[in-house]
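Enquirer: Handing you a structure now.
None of the figures in this text is laboratory data; all of them are computed from the coordinates on show. This is a predicted model, so every value here is computed, not measured. Positions of Cβ are generated from backbone atoms using ideal geometry, with glycine treated the same way; all protein chains shown enter the neighbour counts.
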Amino acid sequence: MKTALAQISRTDDVTGATSNPIYLATAYAHAKLGESTGFDYTRTKNPTRSHFEEVFARLEGGKYSFATASGMAAIQLVCNLFKPADEILVSFDLYGGTFRLFDYYAEQYGVCFKYIDFNNIEEVTNSITDNTRAFFIEPISNPLMTAVDLTPLYAIASERHLLTIIDNTFLTPYLSTPLKDGADIVLHSATKYISGHNDVLAGVVTVNDETLGEQLGQFHNMIGATLSPFDSYLLLRGLKTLHLRIERSSDNARRLAQAFESHEAVQEVLYAGESGMLSLRLNNNYKVGPFLEQLKVCIFAESLGGTETFITFPYTQTHVDMPEEEKQKRGIDEQLIRISVGIEDYNDIEQDIIQALKHAAVKEAV
């Protein structure tokens, strides 16, 4: 990790510039027929994007990274590996946008997605059929923050010749490198912690395997949902402070989880013990709407992983398209809020939430 981070700031060989150049060119000249600089057309390969992909692959402990136009484009890129009747076992609790995409692939292309509890090994083994091709796992689920022990799942997948696909958005390569532990594919919404400044829409997929690398590289080029040079530059900038931001936001989140364990307004604290992500379930004497309206430091917004503390209402934001019965099964109700804890002063975050909760209390009728 440290070696790869050091490579981000390497100087430009020609000018000595300490920031990687942004190459906006869409086409590259050839000296003669059959001779190329390695760059032909920017959808296929761009120097700025390639630099980010090379650095990120090293951070992940992988060989090939593919930077995409969004986190959902990263998941869609991986979906192209499967064909009709293939079955994928999926984390029961996961990001609503992923659920929506999988629902679409099931309806339009006949790929089967089965939602299971990956912490229940008996359920995992009993769910595998002759058509099962992969596990798709959020190691910390969104928004319930359920942590998954990946070690036994790698063993099962290896024995059954299944792919393990890990959405590592919440953890980043700083806290977890699944490719080194046994995963086949790791993906991120790089919009979140990798960028870290709420100003880039991006995704990234990383693999070690040559065949997977070749397949994904072809899909990446054919589909064309590749990352722009400027956004690639911004991701490189974000990586320079990734370790500092993760450490600060994680420390703030741990303190916040502890502080609200005994708060009268909070029925349940959902925290996996690492990363800057946690959720709170307010008790029925408090209303989410007035709470969100009174925030002064924290921001009511639909994203995560930035320097600012964002508070999201999954019921009508990240999981709005999930059917009501599916929300209820997962406990995604109108009392649940998700907090992406930022790097502000801890006391400012805590006091802001406390003052907003005071306005959220239901007043008894006189």
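Enquirer: Just want the answer: with Cβ charges of +1 for Lys and Arg and -1 for Asp and Glu, which residue in Ile223, Phe102, Leu24 is farthest toward the dipole's positive end in the stretch 2-240?
Expert: Of Ile223, Phe102, Leu24, it is Leu24.
Enquirer: In addition: Tell me, how many Å apart are the Cα centres for the stretch 225-280 and for the stretch 93-111?
Expert: 26
Enquirer: By how many degrees, between 0 and 90 and to the nearest 10, does the Cα long axis of helix 242-260 differ from the longest principal axis of the chain?
Expert: 20
Enquirer: Taking the simple approach of a point 7 Å from Cα along Cα-to-Cβ for both Ile354 and Asp209, what is their distance in nm?
Expert: Taking the two extended label points, one gets 5.2 nm.
Enquirer: Trypsin sites (Lys or Arg not before Pro) within the stretch 174-269: which are DSSP loop residues with at most 16 other Cβ atoms inside 10 Å?
Expert: Qualifying residues, ordered by number: none.
Enquirer: Only sites in a loop by DSSP and with at most 14 other Cβ atoms within 10 Å count here; which GluC sites (Glu not before Pro) in the stretch 33-107 make the cut?
Expert: Taking the stretch 33-107 and a limit of 14 other Cβ atoms within 10 Å, the loop GluC sites (Glu not before Pro) found are Glu35.
Enquirer: Next question. Just to confirm the number: angle between the C-alpha axis of helix 229-240 and the first principal axis of the chain, 0 to 90 degrees, nearest 10?
Expert: For helix 229-240, the angle is close to 60 degrees.
Enquirer: Given the C-alpha centroids of the stretch 24-87 and the stretch 173-214, what is the distance between them in whole angstrom?
Expert: That distance is 13 Å.
Enquirer: Asp251 to Lys32: FRET efficiency via 1/(1 + (r/R0)^6), r the Cβ-Cβ distance, R0 41 Å, to the nearest 0.05?
Expert: 0.10
Enquirer: Something else now. Could you tell me which of Tyr346, Ile299, Gly276 has its Cα farthest along the dipole of the stretch 259-366 towards the positive end, charges placed at Cβ (Lys, Arg +1; Asp, Glu -1), taken about the Cα centre?
Expert: Result: Ile299.
Enquirer: I would also like to ask the following. Please find the FRET efficiency linking Gln218 to Lys180, where r is the Cβ-Cβ separation and R0 is fixed at 30 Å, and quote it to the nearest 0.05.
Expert: 0.75
Enquirer: Measure nothing but the geometry: give the 0 to 90° angle between the long axis through the Cα atoms of 210-223 and the longest principal axis through the Cα atoms of the chain, rounded to 10°.
Expert: 80
Enquirer: Can I ask one more? With a Förster radius of 25 Å, plug the Cβ-Cβ distance of Glu324 and Ala361 into 1/(1 + (r/R0)^6) and report the FRET value to the nearest 0.05.
Expert: In this case the efficiency is close to 0.40.
Enquirer: Determine the dipole magnitude for the stretch 2-240: charges of +1 sit on the beta-carbon of Lys and Arg, -1 on that of Asp and Glu, nothing else is charged, the reference point is the Cα centre, and the result goes in debye to the nearest 20.
Expert: Around 820 debye, computed over the stretch 2-240.
Enquirer: So what J values fall out for the stretch 307-319 if you push phi through Karplus, 6.51 cos²θ - 1.76 cosθ + 1.60 with θ = phi - 60°, rounded to Hz, Gly and Pro as x?
Expert: So the Karplus estimates, Gly and Pro as x, are 6, 8, 7, 9, 10, 10, 10, x, 4, 10, 10, 4, 10 Hz.
Enquirer: Taking amide H atoms as placed 1.01 Å from N in the peptide plane, list the residues 5 or more away in sequence, or in a different chain, whose amide H sits under 5 Å from that of Ala202.
Expert: Residues meeting the criterion, in which the H sits 1.01 Å from N, are Gly71, Ala190, Thr191.
Enquirer: Mind scanning Lys114/Lys296; Lys180/Lys327; Lys240/Lys329; Lys45/Lys240 and naming the pairs with a C-alpha gap bigger than 31 Å?
Expert: Among Lys114/Lys296; Lys180/Lys327; Lys240/Lys329; Lys45/Lys240, the Cα-Cα distance tops 31 Å for Lys114/Lys296; Lys180/Lys327; Lys240/Lys329.
Enquirer: Could I ask something else about it? Could you give each residue of the stretch 337-353 its phi-based ³J(HN,Hα) in whole Hz, using Karplus coefficients 6.51, -1.76, 1.60 with θ = phi - 60°, and x for Gly or Pro?
Expert: Result, rounded to whole Hz: 10, 10, 10, 9, 7, x, 10, 5, 4, 4, 4, 5, 5, 4, 5, 5, 5.
Enquirer: Among DSSP beta bridges whose residues both lie in the stretch 2-240, state the antiparallel percentage, nearest 5.
Expert: Roughly 45 percent of the DSSP beta bridges within the stretch 2-240 come out antiparallel.
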